[in-house]
Amino acid sequence: MKVLMISIDKGLLGRGQLGDVVERHRRYGEFCERLDIIVLSQPGFVNYQISDKVMVYPTNSKKKWKYFFDAKRIGRGLFRQTSYDLVVTQEPFLTGLVGVGLKKKFSSKLLVHFHGDFVGLPLLFAKLFVLPKADGIRVMSEGQKEKLIRAGISEKRIRVISTPVDLMKFETYGEKASEEELLRNLTVSAREIKFVLMVGRKDLVKDFDTLFKAMNLVYEKHPETGLWLVGNYTNYSEVKQRLNLPADKIIFTSRVSSNDLAAYYKIAYLTVLSSISESFGKVLIEANACGKPVVSTATTGAKEIIKDGENGFLVPIKDCKGLAKKIIYLLENPEVAKQMGEKGRTMVKEKFSDNTGKIIQFWNNIINNKL
């Protein structure tokens with residue numbers, strides 16, 4: 001099959017990727033005759049070849065409002081070279097509209113992804129302008145599926161298939177040498193500090209404000225605690241204005257390859273996620289796979305992964321006191337924290353695996369009208 005994707009993930013262009021996005025799409029390409037990806041981007045990027053079957057094309061748009069027109073133009077050009085069986089869009093808004101336009105002109109099938117947990121006006125927009133044209137809809141959790149059904153979307157077209165996670169690299173990780181090298185390269189002593197790890201990009205949806213307020217409360221009671229931010233949040237002066245922790249209790253680490261993430265989970269005491277919205281929450285699965293407990297706000301995605309009190313804790317969204325309370329509890333009860341981590345390792349192994357096969361089967365079913 002030949003597939004054209006429309007994406008907003010600039011990590012696919014080979015620069016600054018967070019996690020395993022390139023590896024995942026290389027894997028998808030193994031099941032395709034051709035997989036081409038258009039990425040909405042500002043100027044400065046070049047075409048990026050992920051494999052002999054997977055090529056990525058940036059829009060290099062001079063203005064953000066030109067994303068739609070540039071992606072549509074590139075898509076039309078690619079369709080004139082290749083007759084794609086399926087167009088896949090990363091979300092049901094801008095990329096979704098591009099997909100609708102390409103489907104209409106070239107009579108391809110259309111699959112729309114919901115990687116975000118959308119409600120209200122955004123969901124209404126998708127329902128009115130994009131989803132009626134979609135042949136299939138992929139969501140990351142049962143909670144998302146239920147919201148779409150309540151919004152009047154046909155259940156027949158919806159599949160719950162979460163983002164593939166290569167659990168083996170986390171479950172079997174035992175490279176003490178890599179952990180030791182990471183510890184040596186740190187400017188602080190991670191052996192003496194109990195670090196709370198947050199893995200994620202700097203984004204309003206991650207709600208760092210709630211995280212920082214929670215960590216201030218944690219530090220007041222447990223000054224041996226630190227915060228480790230892995231992602232693209234590297235402005236220390238900005239963080240320092242909101243975080244009362246001393247400099248030796250804060251670590252900033254830029255984007256880390258998925259192959260190296262396990263060492264960070266292993267060294268940290270626990271992993272936290274303070275988001276106001278998550279359709280999934282892959283970092284929670286990765287931390288559990290490394291045998292570490294997690295504390296998260298009760299987003300749709302987190303509720304799919306965490307069984308409260310067993311492999312981690314769920315707290316209300318934007319509840320900094322609740323977040324701090326659960327972190328403090330795990331700090332004060334190391335045996336419970338260890339048990340939760342081990343329980344999490346078992347739970348994610350049973351529930352989550354490499355979903356690549358399910359995704360590819362869904363593509364084939366859409367193309368062959370077998371939904």
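The values are calculated or read from the model by the stated rules, or taken from the named source; none is laboratory data. Keep in mind the model is a prediction, meaning the values are calculated, not measured. Cβ sites come from the backbone with ideal geometry, for glycine too, and all protein chains shown count toward neighbours.
All conditions but one from (1) in contact with a Phe, Trp or Tyr (Cβ under 7 Å, 6 or more places away or on another chain); (2) assigned by TED's automatic domain parsing to the domain that holds Asp135 apply to Lys326; the one that does not is (2). One residue is enough: does region 325-344 have a residue meeting the conditions more than 29 Å from Asp20 (Cα to Cα), crowded, with 21+ Cβ neighbours inside 10 Å and either free of Cβ contacts under 8 Å to residues at least 40 places away in the same chain or among the basic types (Lys, Arg) (or both)? Yes, region 325-344 contains a residue that is more than 29 Å from Asp20 (Cα to Cα), crowded, with 21+ Cβ neighbours inside 10 Å and either free of Cβ contacts under 8 Å to residues at least 40 places away in the same chain or among the basic types (Lys, Arg) (or both). Screening Val295 on (1) modelled with pLDDT of 90 or more; (2) assigned to a helix (DSSP H, G or I) shows it passes everything except condition (2). Quick check on Gly44: is it in a helix (DSSP H, G or I), out of contact with any helix residue (DSSP H, G or I) (no Cβ under 6 Å at 6 or more places or on another chain), free of Cβ contacts under 8 Å to residues at least 40 places away in the same chain and not β-branched (Val, Ile, Thr)? No.
Within region 267-284, does at least one residue satisfy the condition of being β-branched (Val, Ile, Thr), assigned by TED's automatic domain parsing to the domain that holds Glu181, farther than 27 Å from Glu23 by Cα and not in a helix (DSSP H, G or I)? Yes, there is a match, as at least one residue in region 267-284 is β-branched (Val, Ile, Thr), assigned by TED's automatic domain parsing to the domain that holds Glu181, farther than 27 Å from Glu23 by Cα and not in a helix (DSSP H, G or I). Per the listing Ala177, Ala126, the residue uniquely part of a helix (DSSP H, G or I), modelled with pLDDT under 95 and touching a helix residue (DSSP H, G or I) at 6+ places or on another chain (Cβ under 7 Å) is Ala126. For region 236-266, a tally of residues being under 23 Å from Lys321 (Cα atoms) and either outside the structural domain of Ala337 (by TED's automatic domain parsing) or in contact with a helix residue (DSSP H, G or I) (Cβ under 6 Å, 6 or more places away or on another chain) (or both) returns 4. Being farther than 26 Å from Leu123 by Cβ and either surrounded by fewer than 20 Cβ atoms within 10 Å (Cβ to Cβ) or modelled with pLDDT of 95 or more (or both) is the filter here; which residues of region 138-172 pass it? Within region 138-172, Asp166, Leu167, Met168, Lys169, Glu171, Thr172 meet the criteria.
Each row is one residue, and each column tells you yes or no for (1) in a helix (DSSP H, G or I); (2) modelled with pLDDT of 95 or more; (3) of a type outside the set (Lys, Arg); (4) in the same structural domain as Lys358 (by TED's automatic domain parsing).
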site	(1), (2), (3), (4)
Ile37	no, yes, yes, yes
Val56	no, yes, yes, yes
Gly75	yes, yes, yes, yes
Arg80	yes, yes, no, yes
Val88	no, yes, yes, yes
Val98	yes, yes, yes, yes
Lys104	yes, yes, no, yes
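Could you tell me whether any residue of region 282-292 is surrounded by fewer than 18 Cβ atoms within 10 Å (Cβ to Cβ), more than 28 Å from Lys213 (Cβ to Cβ), among the aliphatic types (A, V, I, L, M) and modelled with pLDDT under 95? Checked against the condition, which is being surrounded by fewer than 18 Cβ atoms within 10 Å (Cβ to Cβ), more than 28 Å from Lys213 (Cβ to Cβ), among the aliphatic types (A, V, I, L, M) and modelled with pLDDT under 95, region 282-292 yields no hits at all.
If only one of Lys325, Lys343, Lys321 is under 23 Å from the mean Cα position of the chain (by Cα) and not aromatic (Phe, Trp, Tyr), which one is it?
None of the others qualify; the one that does is Lys343.
Assuming Arg15 fulfils every condition listed in (1) buried (at least 16 other Cβ atoms within 10 Å of the Cβ); (2) within 21 Å of the chain's Cα centre (by Cα); (3) farther than 28 Å from Val160 by Cβ apart from one, which condition is it? Among (1) buried (at least 16 other Cβ atoms within 10 Å of the Cβ); (2) within 21 Å of the chain's Cα centre (by Cα); (3) farther than 28 Å from Val160 by Cβ, the lone unmet condition for Arg15 is (1). Does region 211-225 contain any residue that is of a type in the set (D, E, K, R) and on the phi > 0 side of the Ramachandran plot? Within region 211-225, not a single residue is of a type in the set (D, E, K, R) and on the phi > 0 side of the Ramachandran plot.
Looking only at residues of region 155-175 that are of a type in the set (A, V, I, L, M, F, W, C) and in contact (Cβ under 8 Å) with a residue 12 or more places away in the chain, we find that the one that is farthest from Tyr264 (Cα to Cα) is Ile158. Taken over region 55-93, the criterion of being over 27 Å from the mean Cα position of the chain (by Cα) and free of Cβ contacts under 8 Å to residues at least 12 places away in the same chain is satisfied by Arg73, Gly77, Arg80, Gln81. For Lys370, the requirement of being assigned to a loop (DSSP other than H, G, I, E, B) and out of contact with any helix residue (DSSP H, G or I) (no Cβ under 6 Å at 6 or more places or on another chain) is met.
When Leu86, Leu94, Leu128 are checked against the criterion of being aliphatic (A, V, I, L, M), farther than 20 Å from Thr300 by Cβ and in contact with a Ser or Thr (Cβ under 9 Å, 6 or more places away or on another chain), Leu86 stands alone in meeting it.
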